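The values are calculated or read from the model by the stated rules, or taken from the named source; none is laboratory data. Since this is a predicted model, take the numbers as computed values, not measurements. A quick note on method: Cβ atoms are made from the backbone with ideal geometry, for glycine too, and the neighbour counts reach across all protein chains shown. Just so you know, the surface numbers come from the protein's heavy atoms only, side chains and all, with ligands and any DNA or RNA stripped out. Shrake-Rupley method; radii C 1.70, N 1.55, O 1.52, S 1.80 Å.
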Amino acid sequence: MRATFPHLLHLDIALGILYPTLGIEIVPPPPITQKTIEIGVKLAPQNACFPLKVTLGNFIEAIEQGADTIFMVGGVGPCRFGYYGQIQRLIIEDLGYKVRFVLLDHPRYGVRPFFEALKTMAGGRLSLPKIVQAVRLSWSVLRFTEELEGKRRALRCQVEDPKSLDRVIDGALEALRRVKSLEELEILKEQTAEKLSSLPRNGRTDFLRVGIVGEVYIAQETRVNFNVERLLGDLGVYVHNSVSTVEYILHTLRPFTRSKEKLEAWKLAQPYLKRFVGGEGIDSVGSAIRYAQEGFDGVVHLYPFTCMPEIVAKGILQAVSRDFDLPILHLAIDEHSGEAGLVTRVEAFVDVLERRKWEKKRRLEHDGALSRR
Amino acid sequence: MRVGIPRGLLFYRFFALWKTFLEELGVEVVVSPPSNKAIIQHGLVYGVEEICFPVKVFLGHAYALLGKVDVLFIPRMVSFYKGEYNCPKILGLPDLVRNLFWLEKDAVIDDEVNMRDRGIRGWWEGFLNLGRRFTENERKIARALRRAEEAHRLYRRKLGEGYFPENLIDGRPPLPPKEKKVVLLGHPYLLSDSYINMNIVRKIYDLGYSVITSDMVPEERIRKALRTLPKASFWTISNEIVGTAFAFLEKEDPSVRGFVHLVSFECGPDSLVGEVVERYVKRKKRSLPYLRLEIDEHTGEAGLVTRLEAFVDMMEWRNAHHASYVPTPPAP
């Protein structure tokens, strides 16, 4: 069995540790490129959301590299993600590829298929201690990749040379691929923290602060969202991303696990959106409100074009923006998105935020108090 | 108290139920007028630009009622089939209306009806909460719901006999059936609003075919046909569309000549289940022709007519030649 799986930012690092430990040979899909996107767009339904197309491209490219098994997860809706696997399986079947599609779906759709898929994904024989150990390590690795990305977002506007920051973080990500145990991971964490703290700072403290909300794939996968985070960072903006794979997985395993931030965001969203509408719709609303309360200067809303939950969120974010006086930039991404247009919009957005900040400061000096409007 | 029901989305399915329920509770019901240009225009102005056309139409209807009624009746129909959902936009609909039109918190009746996990209990509790907005008397609510369900059954039976919602709601005369038939797939809010679908039922009729919709196929037959799939989708209406298509996949009924699938651009569920239907139709060696028509606010009538006419020509030709296997494209 040579298994493959879809890309989601640094998920391949975590799975690259998990699967060899379980004794499964993996063929990670090649990094997402224009070609990946073209393959996905050509084969997928025209109006399907963008992540489906990109992950389909991943599968095809991995099959071309010799993968014979695909690992995919399902879902229970109402967002379209839970049905990706079914559509992708149909497409791959019709193309005539002889591959095994292992779809881990909710036990709601049959307890036996669920356990069979789980068993395949765990390497056939279920030896619990071994699995627990492997899962623990790869989970910690996944968390660390997110920490690293968080550092990159936060520090980009504060260090003298963003390139050296990228070098440290990318170096750590590369080193992560070779981590064998939790002890090694701890050492790597310490080393990276040291390196990061020794980077020369530019001494700025009055940077703009922008939060990112949106759909889990587009808001994280820098290879398809034209790296909005880096773009903002290079414009001197402190960026925080409310979306994370770790949170996503925790949420999927609910009701056993739910992080505090998530619960808070859901509560904050209540006056605007009363219930879960699938995907990250309610998180986007709640996180935007939290950013407003924490005094962020603006929010960037990233989602795939035609994403159902995020479009509901978009309608409601307009009200949030109005009520909290919080500028929100909505960026819908799909295969037709052009980098130049996106860069222009982000730059214009940052200009607006700077202007607003300056106006606020001036008014503060003039009136002696911060008036809301 | 005057309660307004916007004529859009699930209205076409639950018209009789909602109206009877509210009237039994002693409420004056106001339904927005049939779609027209001005209503659609308001929907386009207030809607989020990327939201699907039917939601924009719904927003237009909600706008048409503002100021004329005390409260809007937009129950949050999370699920009306066990284990399934409605589309996220329907789940968030009351919130969208409230926030886009700057309405007060209690200007929208938005209690949740959710049969997903709890089945009929969720249904009953949902309507109990809805009824509590008007009366304290639970027995009165229960009686109203019972009568409403009666009306709903009657309405559904009429639809099953070949009437369209517009025949029943506005009293338009039904079209006499023709011998040749086309299966018209699509969400009821697209098929039933003849203004936004450019009167497609009449157009197909004038080309010589009557239509069969999901409403005219018995539910057991739809659900049985749906079992062809390893996993049905989690959207009830989309499942009905797939089930209806699958029920006619085998050429059993010689009067049925083809599938026309009406989709609104940016309809999330249909972008996936449409693909499922199309692939299964194409996998059959001797299947019926399939046409997908996408409509939105920019659709021109001439283009729609041209495509329908071409499709009718093809149905005639295929029916004469019995050649209908279209192989799928090779791998890249």
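Within segment B:65-89, restricting attention to residues that are among the β-branched types (Val, Ile, Thr) and under 11 Å from residue B:112 (Cα atoms), which residue is modelled with the highest pLDDT?
Once the filter is applied, the top-ranked residue is B:74.
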Handout entry: Members of segment B:133-148 found to be over 30 Å from the mean Cα position of the chain (by Cα) and open to solvent by 80 Å² or more (accessible area, probe 1.4 Å), listed by number
Key = B:136, B:138, B:139
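Table: residues versus (1) among the basic types (Lys, Arg); (2) crowded, with 20+ Cβ neighbours inside 10 Å; (3) out of contact with any Gly (no Cβ under 9 Å at 6 or more places or on another chain); (4) over 30 Å from residue A:181 (Cβ atoms).
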residue: A:39; (1), (2), (3), (4): no, yes, no, yes
residue: A:66; (1), (2), (3), (4): no, no, yes, no
residue: A:93; (1), (2), (3), (4): no, no, yes, yes
residue: A:96; (1), (2), (3), (4): no, no, yes, yes
residue: A:139; (1), (2), (3), (4): no, no, yes, no
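Would you pick out the residues in segment A:221-243 that are farther than 27 Å from residue A:359 by Cα and open to solvent by 10 Å² or more (accessible area, probe 1.4 Å)?
Once the filter is applied, which keeps residues that are farther than 27 Å from residue A:359 by Cα and open to solvent by 10 Å² or more (accessible area, probe 1.4 Å), segment A:221-243 yields A:222, A:223, A:226, A:227, A:242, A:243.
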Problem - So residue B:72, is it crowded, with 20+ Cβ neighbours inside 10 Å, touching a residue at least 12 places away in the same chain (Cβ under 8 Å) and either more than 19 Å from residue B:95 (Cβ to Cβ) or away from chain A (no Cβ under 13 Å) (or both) - result: yes
Practice task
Spot the failing condition for residue B:227; the list is (1) open to solvent by 10 Å² or more (accessible area, probe 1.4 Å); (2) within 14 Å of another protein chain (Cβ to nearest Cβ); (3) in contact (Cβ under 8 Å) with a residue 60 or more places away in the chain, and only one is missed.
Solution key: (3)
Practice task
Determine which member of the set A:96, A:82 is within 10 Å of chain B (Cβ to nearest Cβ) and farther than 18 Å from residue B:234 by Cβ.
Solution key: A:96
Practice task
Given the conditions (1) in contact with a strand residue (DSSP E or B) (Cβ under 7 Å, 6 or more places away or on another chain); (2) surrounded by 18 or more Cβ atoms within 10 Å (Cβ to Cβ); (3) more than 10 Å from every other protein chain (Cβ to nearest Cβ), report the number of the one that residue A:122 does not fulfil.
Solution key: (1)
Problem - Output for segment A:249-298, where each listed residue is among the hydroxyl-bearing types (Ser, Thr, Tyr) and touching a Leu at 6+ places or on another chain (Cβ under 9 Å) - result: A:257, A:259, A:272, A:284, A:287, A:291
Problem - Hey, residue B:266 open to solvent by 10 Å² or more (accessible area, probe 1.4 Å), touching a residue at least 60 places away in the same chain (Cβ under 8 Å) and in contact with a Ser or Thr (Cβ under 7 Å, 6 or more places away or on another chain) or not - result: yes
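This table checks each residue for (1) free of Cβ contacts under 8 Å to residues at least 40 places away in the same chain; (2) among the hydroxyl-bearing types (Ser, Thr, Tyr).
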site: A:109; (1), (2): yes, yes
site: A:118; (1), (2): yes, no
site: A:125; (1), (2): yes, no
site: A:131; (1), (2): no, no
site: A:136; (1), (2): no, no
site: A:146; (1), (2): no, no
site: A:150; (1), (2): no, no
site: A:154; (1), (2): no, no
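Just the residues that are over 18 Å from residue A:7 (Cβ atoms) and either open to solvent by 10 Å² or more (accessible area, probe 1.4 Å) or of a type in the set (Asp, Glu) (or both), please, taken from segment A:43-64.
Filtering segment A:43-64 for residues over 18 Å from residue A:7 (Cβ atoms) gives A:45-47.
Scanning segment A:43-64 gives A:46, A:47.
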Handout entry: Within segment A:305-323, considering residues that are over 12 Å from residue A:280 (Cβ atoms) and not in a helix (DSSP H, G or I), the one nearest to the other protein chains (Cβ to nearest Cβ)
Key = A:306
Exercise for the section: State all residues of segment A:125-137 that are open to solvent by 90 Å² or more (accessible area, probe 1.4 Å) and more than 30 Å from residue B:231 (Cβ to Cβ); if no residue qualifies, say none. Expected result: A:129, A:130, A:133, A:136
Problem - Residue list for segment A:49-69, restricted to those being out of contact with any strand residue (DSSP E or B) (no Cβ under 7 Å at 6 or more places or on another chain) and of a type in the set (Val, Ile, Thr) - result: A:54, A:55, A:60, A:63
Practice task
Counting only residues that are crowded, with 22+ Cβ neighbours inside 10 Å, give me the helices (runs of 4 or more DSSP H) lying completely in segment B:4-68 with at least 3 of them.
Solution key: B:11-24, B:53-65
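Regarding segment A:57-80, can at least one residue be identified that is of a type in the set (Asp, Glu) and free of Cβ contacts under 8 Å to residues at least 60 places away in the same chain?
yes
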Exercise for the section: Please enumerate the residues belonging to segment A:324-350 that are more than 14 Å from chain B (Cβ to nearest Cβ), part of a helix (DSSP H, G or I) and surrounded by fewer than 19 Cβ atoms within 10 Å (Cβ to Cβ). Expected result: A:339, A:340, A:341, A:342, A:343, A:344, A:345, A:347, A:348
Exercise for the section: Can you tell me which residue among A:268, A:302, A:273 is assigned to a loop (DSSP other than H, G, I, E, B), among the aliphatic types (A, V, I, L, M) and modelled with pLDDT of 90 or more? Expected result: A:273
Problem - Filter result (closer than 18 Å to residue A:306 by Cβ and facing chain A (nearest Cβ under 8 Å)) within segment B:81-92 - result: B:85, B:86, B:87, B:88, B:89, B:91, B:92
Exercise for the section: Look at residue A:290 and say whether it is open to solvent by 10 Å² or more (accessible area, probe 1.4 Å), in contact (Cβ under 8 Å) with a residue 12 or more places away in the chain, of a type outside the set (Gly, Ala, Ser) and farther than 14 Å from residue A:219 by Cα. Expected result: yes
Practice task
Could you grab me the full set of residues in segment A:1-33 that are over 19 Å from the mean Cα position of the chain (by Cα) and in a helix (DSSP H, G or I)?
Solution key: A:17, A:18, A:19, A:20, A:21, A:22
Fill in the blank from the handout: Inside segment B:78-109, the number of residues satisfying the requirement of being in contact (Cβ under 8 Å) with a residue 24 or more places away in the chain, open to solvent by less than 10 Å² (accessible area, probe 1.4 Å) and assigned to a loop (DSSP other than H, G, I, E, B) is 1
